[in-house]
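A short write-up of the structure that comes next.
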Amino acid sequence: MNPLRRLGQLTLDALARLGRMLLFLLHLLPALPLALGRPRLIVQQLYSVGVLSLVIVLVSGGFVGLVLGLQGHNILSNFNATESLGVMVALSLVRELGPVVTALLFAGRAGSALTAEIGLMKATEQLSSMEMMAVDPIRRVIAPRFWAAFIAMPLLAALFSMVGIYGGYFIGVVVLGVDEAAYWSQLVRQVDFDEDTVNGIIKSLVFGFVAAWIALFEGFDARPTSEGVSRATTRTVVNTSLAVLGLDFLLTALMFGNS
Amino acid sequence: MDNSRALELAVGGFVAAGIVAVLVLALQMSNLTQVRVDDAYTLTAEFDNIGGLTVRSPVKLSGVTIGRVDAIAIDPKTFRAVASLRIDGRYRNLPQDTFASIYTAGLLGEQFIELAPGGEERFLADGDRIAMTQSAVVLEKIISQFLYDKAAE
């Protein structure tokens, strides 16, 4: 195939994938309220998507907080402003790093697992056999997983931020000797609920939506072979990461751009 | 059955921990609990120069935050800056000759409005204008003044 034709082919493939993705979402959306009628399925998925992601999210949150504390102390001590360490750590975490890093970890830990699971279900024809039994796989398999990811993301992001703030506290106050009262009081005074915390939660809801959408679509759309499933898993991680980082810029520009 | 019970417990614990984290972030780590009074009233104050004062800058009385800057505008006639201050309703007894000045917390810190109560018997009411104000200290102005004075010597 000559290069020009190949380029055209790739473009058309990408466009078709985008179209399928949107159609998939349109199929999924009406199934979402119906899936709420079977909370058991959502709880099961919350376990595999949320509880099993806890360890990686908490440990990463702790380390990110430690690093923020160290770097922040390093920079702020140049300005004799180490009292602002708490503000810096908390705002970085609540506004940006909490939602974003959690979403990236989530894509690697839970998104890839969702894609592989659904891709394999498709490869072993479990999805089509469900259809044969007049069970809608979107409603029975996809929708509960979507809810679980959507619910789990903001909770994980909040835990990440909280652990990170205590990590920064540990390095700043316990190890480097920043005044404890200054750390907390400056933090509480400067972190605004409407502006910072709520926007962080909105971000993580958006990221949860996108991460779940991409992971489930890639699994559903995977070629039903072992190679197809492995490719779909890779695409999930790559596309989710790109989407999250891109959306984060957009959301930040919308939320904090004009202040 | 035992297995599904453990799963329920794990999920319940996860959701509870997440909600606790959200609440801690909301209540402990942001200023939701501070100066969120329905009973606030508004004062305005005119300044020649507000320096780095922004909306949401604190308004302090003897160092205690009693309100926030709600809006900043320009008076179209005098071209002076008008700041509206939302003051906690618990402090309604500010005298009419209260003095408002803009200070900086530390050398590079945020700017805030400090109120100094006078001796008047009558109190400021909602919508009143604080008559006596002192503008922000602009560092460049002081430095240039200092340099001019030095040159004149």
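Listing for the model above:
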| read-out | value |
| --- | --- |
| Counted residues, segment A:76-119 - those being within 20 Å of A:R189 (Cβ to Cβ), in a helix (DSSP H, G or I) and free of Cβ contacts under 8 Å to residues at least 12 places away in the same chain | 1 |
| For A:R139: the one exception among (1) within 14 Å of another protein chain (Cβ to nearest Cβ); (2) among the basic types (K, R); (3) open to solvent by 60 Å² or more (accessible area, probe 1.4 Å) | (1) |
| Qualifying position, being open to solvent by 10 Å² or more (accessible area, probe 1.4 Å) and within 14 Å of chain B (Cβ to nearest Cβ), among A:S60, A:S84, A:S112, A:S53 | A:S84 |
| Count of residues meeting criterion [surrounded by fewer than 17 Cβ atoms within 10 Å (Cβ to Cβ) and without any contact (Cβ under 8 Å) to a residue 60 or more places away in the chain] in segment B:52-81 | 18 |
| Top-ranked residue of segment B:104-119 - restricted to ones that are in a strand (DSSP E or B) and at pLDDT below 85, ranked as farthest from A:V87 (Cα to Cα) | B:T104 |
| Residue pairs meeting the criteria (Cβ under 8 Å; at least 6 apart or on separate chains; first closer than 14 Å to A:A158 by Cβ, in segment A:43-62; second modelled with pLDDT under 90 and of a type in the set (V, I, T)) | A:G50/B:V11; A:G50/B:V15 |
| Among (1) within 13 Å of another protein chain (Cβ to nearest Cβ); (2) surrounded by 18 or more Cβ atoms within 10 Å (Cβ to Cβ); (3) without any contact (Cβ under 8 Å) to a residue 60 or more places away in the chain, the one test that A:S204 misses | (3) |
| Answer residue from segment B:19-41, given it is exposed (fewer than 15 other Cβ atoms within 10 Å of the Cβ) and under 23 Å from B:D126 (Cα atoms) and is modelled with the highest pLDDT among those | B:D39 |
| The one condition in (1) surrounded by fewer than 22 Cβ atoms within 10 Å (Cβ to Cβ); (2) modelled with pLDDT of 90 or more; (3) farther than 28 Å from A:Q71 by Cα that A:A212 fails to fulfil | (1) |
| Number of positions in segment B:108-123 that are farther than 21 Å from B:R56 by Cβ and of a type in the set (A, V, I, L, M, F, W, C) | 2 |
| Breaking point among (1) at pLDDT 85 or above; (2) more than 30 Å from B:I142 (Cβ to Cβ); (3) open to solvent by 30 Å² or more (accessible area, probe 1.4 Å), for B:F99 | (2) |
| First in segment B:125-150 and more than 24 Å from B:G52 (Cβ to Cβ), second anywhere and surrounded by 11 or more Cβ atoms within 10 Å (Cβ to Cβ) and β-branched (V, I, T), Cβ under 7 Å, 6 or more apart | B:D126/B:T42; B:G127/B:T42 |
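The values are calculated or read from the model by the stated rules, or taken from the named source; none is laboratory data. Since the model is a prediction, treat every value here as computed from it, not as a measurement. Please note: Cβ atoms are built from the backbone with ideal geometry, for glycine as well, and neighbour counts cover all protein chains shown. Note: accessible area is taken over every heavy atom of the protein model, side chains too, but ligands, DNA and RNA are not part of it. Shrake-Rupley method; radii C 1.70, N 1.55, O 1.52, S 1.80 Å.
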